[in-house]
Amino acid sequence: MSLSRIALWFAAIPIAVHGAETKVHEFRLDNGLKVLIQEDHRAPVAVSQVWYKVGSSYEYGGITGVSHMLEHMMFKGTKKHPAGEFSRIIAANGGSENAFTGQDYTAYFQTLERSRLPVSFELEADRMRNLQLSPTEFSKEQQVVIEERRMRTDDQPHAKMEEHFQAVAFTNSPYQNPVIGWPDDIAGLTVADLNAWYGLWYAPNNATLVVVGDVDPKATFELAKRHFGPLKTSQLPPLKARAEVEQFGQRRMTAKIPAKLPYLVLGYKVPALKTLADPSEAYALEVAAGILDGGNSARFSSRLIRGQQLAASASAGYDLYSRMSTLFTLEGTPVEGKSLAELEAAFYREVAQLRDEPVTADELARVKAQVMASKIYQRDSIFYQAMQLGLAETVGLSWKVVDEYVDRIGQVTPEQIQQVARKYLTEDHSTVAHLDPQPLPEGAQVSDESTGNGGHHVR
């Protein structure tokens, strides 16, 4: 799954349903750590997540991938808990844990029986400021990440093409760099690079602790204060503006990569909720993506896949919860006998219809009903409830936007969808990438499905 699709997936899982607003308790420690606690007493379980405001979009040339590399090294021990102890202790307490890095965040989580929450807090507080970066452990983990990149990007045609697509689409936005990092940068990272990155960004005043589950908010806050309260802050640098410069005309690229099937990506420069003066535009873009790609009744599925039998697959994506302006993407594979040019032309026709004709009342009702149903079903997962809170906070929005999602989607009108399509889905602000499949090396096992790009820590 590409990062753009992961972000869409995250954005599609807010925790509020109409008429059933969630209750989030917000606290802040004296050292700046924000603590968000939400009660959910349906099972004796708690999810604890620590979100740091740092990811690949904070990086600069020469050290791309440092945030993801540090995520791996966070499991390599402190003086109190040597390498391997973190995961062993969580497992011994019946819990599960992992981590993930994105463009705008790095997050660590544990799911435990509620009485084991102090174990999670003690371990996370310890490694927040006391990580020991061993040169020996780093050398081994660097090879792990190099191999991870090979398996998840270099050997995956879609992931490899999308990585280069992002680099072409963006001129100066840090979103042009892959989360896992460029190969030479990964190989050139040093312990000193990681120490500097860790010391700067891994601090309570740059983090949010999110707890959702069968907990008492006041007692949980006191527990957090006991474990995280003594930690020292970091002198955080002011973030420099890195807004994408204006694009003057369509950009195109062709990637000649060994693959089984051709593939098309079409991306339009669009703002995110965080970067808009008028939030309604972001929700209109979100609904526009749902009109095109929101189940079997959506336009791509009913027209391009089943109706015209032009596409074997077709999807649309928009990163609503993004720290900086992003892309509205259309992706697909033509059926055998049809060309990428024909699929590209079909995408343009669908975008033109969004601009020229109001969506029907039935289409709008379908998307809104899907949003409502999704919220009801997703509330069954305390993990994703916590994830939405942490994600919104970490990209610079308030967790309160999570509770606003359903109502905001419900307010979107056909006219607003037309307006954002006309304003943002324009050829001069687009980038097109074609994957021209080359013969596979003899014996090669290559998938045409992307498996992501540095998004999760795998051990």
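The values are calculated or read from the model by the stated rules, or taken from the named source; none is laboratory data. In this text the structure is predicted, and so the values were computed from the model without any measurement. Cβ coordinates were reconstructed from backbone atoms using ideal geometry, including for glycine residues, and neighbour counts include every protein chain displayed.
Summed over the stretch 119-155, residues that are closer than 30 Å to Gly94 by Cα, touching a residue at least 60 places away in the same chain (Cβ under 8 Å) and acidic (Asp, Glu) total 5. Residues in the stretch 254-303 that are among the small types (Gly, Ala, Ser), assigned to a loop (DSSP other than H, G, I, E, B) and closer than 21 Å to Val351 by Cα: Ala272, Gly294, Gly295, Ser297, Ala298.
Return the residues of the stretch 312-338 that are hydrophobic (A, V, I, L, M, F, W, C) and not in a strand (DSSP E or B); say none if nothing qualifies.
Just the residues of the stretch 312-338 that are hydrophobic (A, V, I, L, M, F, W, C), to begin with: 312, 314, 316, 320, 324, 327-328, 330, 335.
Within the stretch 312-338, Leu320, Met324, Val335 qualify.
In a residue-by-residue description of the stretch 166-177, the property of being more than 19 Å from the chain's Cα centre (by Cα) and assigned to a helix (DSSP H, G or I) applies to at least one position.
Within the stretch 20-35, is even one residue at pLDDT below 95, surrounded by fewer than 19 Cβ atoms within 10 Å (Cβ to Cβ), under 25 Å from the mean Cα position of the chain (by Cα) and farther than 20 Å from Thr106 by Cα?
Keep residues of the stretch 20-35 that are at pLDDT below 95, which gives 20-23.
Of the ones still in play, those that are also surrounded by fewer than 19 Cβ atoms within 10 Å (Cβ to Cβ) are 20-21, 23.
Add one more test, that the residue is under 25 Å from the mean Cα position of the chain (by Cα), and what stays is 21, 23.
Subsequent filtering for residues that are farther than 20 Å from Thr106 by Cα retains 21, 23.
Yes, because at least one residue in the stretch 20-35 is at pLDDT below 95, surrounded by fewer than 19 Cβ atoms within 10 Å (Cβ to Cβ), under 25 Å from the mean Cα position of the chain (by Cα) and farther than 20 Å from Thr106 by Cα.
Going by what's in this entry, would Val54 be described as modelled with pLDDT of 95 or more and assigned to a strand (DSSP E or B)? The answer is no for Val54.
Does the stretch 41-49 contain at least one residue that is buried (at least 21 other Cβ atoms within 10 Å of the Cβ), hydroxyl-bearing (Ser, Thr, Tyr) and either within 28 Å of Arg116 (Cβ to Cβ) or at pLDDT below 95 (or both)? Among the residues of the stretch 41-49, at least one is buried (at least 21 other Cβ atoms within 10 Å of the Cβ), hydroxyl-bearing (Ser, Thr, Tyr) and either within 28 Å of Arg116 (Cβ to Cβ) or at pLDDT below 95 (or both), which makes the answer yes. The helices (runs of 4 or more DSSP H) falling completely within the stretch 377-429 that include 3 or more residues that are of a type in the set (A, V, I, L, M, F, W, C) and farther than 19 Å from Ser325 by Cβ map to 382-394, 400-410.
Okay, residues lined up against (1) modelled with pLDDT of 95 or more; (2) more than 22 Å from Ala169 (Cα to Cα); (3) surrounded by fewer than 24 Cβ atoms within 10 Å (Cβ to Cβ); (4) hydrophobic (A, V, I, L, M, F, W, C):
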position	(1), (2), (3), (4)
Gly294	no, yes, yes, no
Leu304	yes, yes, no, yes
Ala316	yes, no, no, yes
Ser322	yes, no, no, no
Thr333	yes, no, yes, no
Ala345	yes, no, yes, yes
Val351	yes, no, yes, yes
Arg366	no, yes, yes, no
Ala369	no, yes, yes, yes
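Mind listing just one residue for me: the one in the stretch 223-253 that is among the aliphatic types (A, V, I, L, M) and outside any loop (DSSP other than H, G, I, E, B) and, of those, nearest to Asn31 (Cα to Cα)? Working first, answer last.
Of all residues in the stretch 223-253, those among the aliphatic types (A, V, I, L, M) come to 223-224, 231, 236, 239, 241, 243, 245, 253.
So of that shortlist, the ones also outside any loop (DSSP other than H, G, I, E, B) come out as 223-224, 253.
Details: Leu223: 15, Ala224: 12, Met253: 48 Å.
Step by step, filter the stretch 223-253, then rank; the result is Ala224.
Are any residues in the stretch 140-167 among the aliphatic types (A, V, I, L, M), closer than 25 Å to Thr333 by Cα and either surrounded by 17 or more Cβ atoms within 10 Å (Cβ to Cβ) or in the same structural domain as Leu266 (by TED's automatic domain parsing) (or both), and if so, which ones? Of everything in the stretch 140-167, those that are among the aliphatic types (A, V, I, L, M), closer than 25 Å to Thr333 by Cα and either surrounded by 17 or more Cβ atoms within 10 Å (Cβ to Cβ) or in the same structural domain as Leu266 (by TED's automatic domain parsing) (or both) turn out to be Ala159, Met161.
Scanning the stretch 259-276 for residues that are among the basic types (Lys, Arg), touching a Gly at 6+ places or on another chain (Cβ under 9 Å) and within 25 Å of Asp154 (Cα to Cα) returns no hits. Here is the figure for the stretch 112-133: residues that are of a type in the set (A, V, I, L, M) and assigned to a helix (DSSP H, G or I) total 5.
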